[in-house]
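Asks: First, the structure itself, so that you have it in front of you.
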Amino acid sequence: MIRIEKLDFAYPQGPFRLVIDALSIEPGQSVAFIGPSGSGKTTLLHLAAGIVTPEKGRIVTGSHEVSALPDGARRDFRIRHVGLVFQEFELLEYLDVNDNILLPYRINRSLTLNGEVRRRARELADDVGIGDKLDRDVRRLSQGERQRVALCRALLADPQLVLADEPTGNLDPENKELVLDILFRHARNATLVTVTHDHTVLDRFDRVIDFAELAT
Amino acid sequence: MSDSLYLAWRYMRHHRIKTAILVASITLIVFLPAGLQVMVSRTAEQLGARARSTPLIVGRKGSALELALNSLYFESKSPDAMRMTQAARIRDTGLARAIPLHVRFRTRKQPIVGTTLDYFAFRGLRVEQGRQMALLGECVAGADAARALGASPGDSVVSAPENIFDLAGVYPLKMRVVGVLARTFSPDDDAVFVDVKTAWVIEGLAHGHAALKEGEILSRKGGTPVANASVVQYTEITPQNIDGFHFHGDPGEFPVTAILAVPHDAKGKALLMGRYLGRDEVCQIVEPVTVMDDLIATVAKVRSYVVAVVVLVSSSTLVSAALVFLLSLRLRRREMETMSKIGCSRWNVSSLLACEILIVIALSVGLAAGLALVTNVYGPSLIREFIL
């Protein structure tokens, strides 16, 4: 699903540099990235999603060589094939739960919002236990509920690849388990790549990649 | 675009106060110059139309503006009175018709205009309900005056006392409404018209009372008896007591506030104006068009100063609004980044922001247009209030 060759990436400002000679993640695999802060885990997620592009090397995600796509095509690729989950949830406060879940369908014309999508959004929300809160202001939700909204948003378009950046970082143990359950249940047909500092959850993943060994 | 509009609308609804402040600022920026323009144009149009339809006004020397405003709009402070003989003087020249005006009293807030039937013909006023006034103590009301007073033919209206603390002053007169005029969208709609003699009754120059008995006469000054206080003075003119009303003195000496002079031709107008140029002349003759043009020019001059100030204030408000928008963009950077990360197209980010601007501008322009409409209706009377 993800193939990286001779990757060399640096941000325009700052000394950070990520160099990966080769990395391959198989379709349907669940992978956890671990490693010290600043080692480039989140950057690698962004590279895989096409949010940033490398100076050198190739990144192939699914059938797309993301590193070679122009900006517009990378955005279209992300909205259709990638589900992104953030540590801070990144919900829009001015939208209610339902509109936050449907957001990807309102911000890129590659996706079409129709009755079927709305029905799927309701089902997804029911399944993760927030079906009765669809018209609620997201500021009035608990942390766990917010992350569940963010998960619904990421999973609604049925992505091939789910990239989760410390999805349980802000959650208590109970919600942590709940969110991971949802993530694994709904992303079982997708490739799941998660950045985590929580070593107690690593045994859930098919593969664990330590950045201290991967990146140079 | 509809999704961008929807998201923009939700954002603005969520930030109601910020949006309301922005809309209010831009509404003012749009409305102030436009509203001022509408107000001045409409005022000029209305003032000009009324003035153009009135060739000449004769009145006591003093403020020409006050004379013109009182005679055309019945609103200004009453100019000094002159004698009714001035009307005969104009008629005697053979150069013009003379229509006396007596505008000093009010019934509630409506002006009581004492005049003759010539006034109705001159202004093209038509009685819509009831009939034309025919007797002393009768009146016809303009369309708006009738509505404001809640009066229709058969009802009565009472003149307002000039000074309620003046016990020896003029009694209010109860007048019978015999007709209501058709609306003309002019100051005539707000007035209550009476015969000039009725106006003199209100002024106390004519009065009515029961027949004097011998014991009630205290003395006689010339031909005028002085009666004691037991004699009942009438405060309403009725068919039963109308014969008891009489004038003391020569009606030619009685006051009017102005005389509308309607020359027969241009030459007559020029000649008539020349008659009032004498140094010892106690009266003046004014061309309302000239007076109103001067007034409009003054208003226009004030408008240009105000517009200059408004432009300055608007510019700074626009800059502030732009600054608020830019600051809000900085505050929303994370939101925009999240949308970009998820896959929001650049076009969508731009259209979302454009929709927000569009909604603010649309709301502001809509509000400004509404205010301009209100100004269009009420602006001229507001300006007259300020001027008067």
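Asks: Over all pairs of distinct alpha carbons, what does the Kirkwood formula give as the hydrodynamic radius of the range B:241-294, in Å?
Replies: On the way: mean 1/r = 0.0695 Å⁻¹.
About 14.4 Å, per the Kirkwood formula over Cα pairs.
Asks: With a point put 7 Å past each Cα toward its Cβ, work out how far B:I242 is from A:D206 in nm, to one decimal.
Replies: Distance between the two pseudo-spin positions: 11.2 nm.
Asks: If I require 20 Å or longer along the helix axis, counting alpha carbons, and a Kyte-Doolittle average no lower than -0.5, what helices from chain B are left? Use full DSSP H segments.
Replies: On the way: long enough: B:16-52 (50 Å, 0.83); B:288-331 (61 Å, 1.57); B:346-387 (56 Å, 1.34).
Flagged H segments are B:16-52, B:288-331, B:346-387.
Asks: May I ask for the distance between the Cα centers of the range A:1-70 and the range B:327-371, given as a whole number of Å?
Replies: If we compute the Cα centre of each part, the gap is 32 Å.
Asks: Quickly estimate the mean residue ellipticity at 222 nm for chain A, helices only: each DSSP H run with n ≥ 4 gives -39500 (n - 2.57), and the total goes over all residues, rounded to 500.
Replies: Values: 7 runs with 75 residues, N = 216.
Dividing the helical sum by the residues of chain A leaves -10500 deg cm²/dmol.
Asks: Here's something else I'd like to know. Limiting things to C-alpha atoms, what are the Rg and the maximum Cα-Cα separation (Dmax) for the protein assembly as shown, in angstroms?
Replies: 43.1, 135
Asks: At 7 Å along Cα-to-Cβ for each site, give me the label-to-label distance between A:D172 and B:S316 in nm.
Replies: 5.3
Asks: Another question, if that's okay. Using a Cα-Cα cut-off of under 16 Å, which aspartates and glutamates could be cross-linked to B:K174, ignoring same-chain neighbours fewer than 8 residues away?
Replies: Partners within reach: B:E138, B:D155, B:E162, B:D195, B:E203, B:E236.
Asks: To the nearest µm²/s, what D does Stokes-Einstein give for the range A:9-83 at 10 °C and 1.306 mPa s, using the Kirkwood radius over alpha carbon pairs as Rh? If you can, show how the numbers build up before the last one.
Replies: On the way: Rh = 13.3 Å.
The diffusion coefficient I find is 119 µm²/s.
Asks: Right, here's the next one. After finding the eigenvalues of the alpha carbon gyration tensor for chain A, what semi-axes result from the square roots of 5 times each, listed largest first in whole Å? Walk me through the numbers before you get to the answer.
Replies: Values: eigenvalues 162, 80, 46 Å².
Value: 28, 20, 15 Å, ordered largest first.
Asks: Only helical DSSP H runs with n ≥ 4 go in: add -39500 (n - 2.57) per run for chain B, normalise by residue count and round the 222 nm mean residue ellipticity to 500 deg cm²/dmol.
Replies: Values: 11 runs with 197 residues, N = 388.
Value at 222 nm, helices only, nearest 500: -17000 deg cm²/dmol.
Asks: Let me spell out the model: positive unit charges on the Cβ of Lys and Arg, negative unit charges on the Cβ of Asp and Glu, origin at the Cα centre of the protein assembly as shown. What dipole size does that give, in debye rounded to 20?
Replies: Values: 70 positive and 67 negative charges, 260 e Å.
Taking the Cα centre of the protein assembly as shown as origin, the dipole is about 1240 debye.
Asks: How much of the accessible area of the protein assembly as shown, probe 1.4 Å, is carbon plus sulfur, in whole percent?
Replies: Numbers: 16170 of 29190 Å².
Reported share for carbon and sulfur atoms: 55 percent.
Asks: Mind checking the mean number of beta-carbon atoms from other chains within 10 Å of the Cβ atoms in A:98-110?
Replies: Details: counts 0, 3, 0, 0, 1, 6, 4, 1, 10, 14, 8, 5, 2.
Counting Cβ atoms of other protein chains within 10 Å of each residue's Cβ and averaging gives 4.
Asks: Same structure, new question: For chain A, what proportion of DSSP beta bridges, expressed in % and rounded to the nearest 5, is antiparallel? Before the final figure, lay out each step's value.
Replies: Working: 16 of 33 bridges.
Expressed as a percentage, antiparallel bridges in chain A total about 50.
Asks: While we're looking at this one, here's another question. Among the chymotrypsin sites (Phe, Trp or Tyr not before Pro) in the range B:320-388, which ones are in a DSSP loop with at most 12 other Cβ atoms within 10 Å of the Cβ? Mind listing them?
Replies: Numbers: sites: B:F325, B:W347, B:Y378, B:F386; in loops: none.
Passing sites in the range B:320-388 do not exist.
Asks: In vacuum, with every alpha carbon of chain B counted as one equal point scatterer, what does the Debye formula give for log10 I(q)/I(0) at q = 0.10 Å⁻¹? Two decimals, please.
Replies: -0.78
Asks: Please give the total accessible area that chains B and A bury against each other, computed with a 1.4 Å probe and expressed in Å² to the nearest 100.
Replies: Values: alone 21010 and 10430 Å², together 29190 Å².
Counting both chains, the buried surface is close to 2300 Å².
Asks: Given a 1.4 Å probe, show me the residues in the range A:49-68 buried by at least 40 Å² of accessible surface when comparing the whole protein assembly to the chain alone.
Replies: In the range A:49-68, residues shielded by partner chains: none at all.
Asks: Next up: Which of the lysines could a cross-linker span from A:K41 if the Cα-Cα distance has to be under 25 Å and same-chain partners fewer than 8 positions apart are dropped?
Replies: A:K6, A:K56, A:K176, B:K341
Asks: For the range B:252-310, which trypsin sites (Lys or Arg not before Pro) pass both filters: DSSP loop (anything but H, G, I, E, B) and at most 16 other C-beta atoms within 10 Å?
Replies: Values: sites: B:K267, B:K269, B:R275, B:R279, B:K301, B:R303; in loops: B:R279.
Passing both the DSSP loop test and the Cβ count: B:R279.
Asks: For chain B, what's the relative contact order in percent, using C-alpha pairs closer than 8 Å and at least 6 residues apart?
Replies: Values: 599 pairs, mean separation 116.4, N = 388.
Relative contact order comes out at 30 percent.
Asks: Using 1/(1 + (r/R0)^6) with R0 = 51 angstrom and r between the beta carbons of B:E337 and B:L382, what's the FRET efficiency to the nearest 0.05?
Replies: On the way: r = 51 Å, r/R0 = 1.00.
Plugging the Cβ-Cβ distance into 1/(1 + (r/R0)^6) gives 0.50.
Asks: Accessible area per residue of chain A at 1.4 Å probe, in Å²?
Replies: Values: 9330 Å² over 216 residues.
Roughly 43 Å² per residue, with all protein chains present.
Asks: Using alpha-carbon positions, what is the distance between the centroids of the range A:112-153 and the range A:176-191, in Å?
Replies: 15
Asks: Still on this structure, please answer the following. Above 16 Å lies some portion of the pair distances; for the range A:32-144, what is it as a whole percent of all C-alpha pairs?
Replies: On the way: 4311 of 6328 pairs.
Distances greater than 16 Å cover 68 percent of the Cα pairs.
The values are calculated or read from the model by the stated rules, or taken from the named source; none is laboratory data. On a predicted model such as this, the values are computed, not experimentally measured, just so you know. For neighbour counting, all protein chains shown are included, and Cβ atoms are generated from backbone atoms with ideal geometry for every residue, glycine included. What goes into the accessible areas is simple: the full protein's heavy atoms, side chains included, and nothing from ligands, DNA or RNA. Shrake-Rupley method; radii C 1.70, N 1.55, O 1.52, S 1.80 Å.
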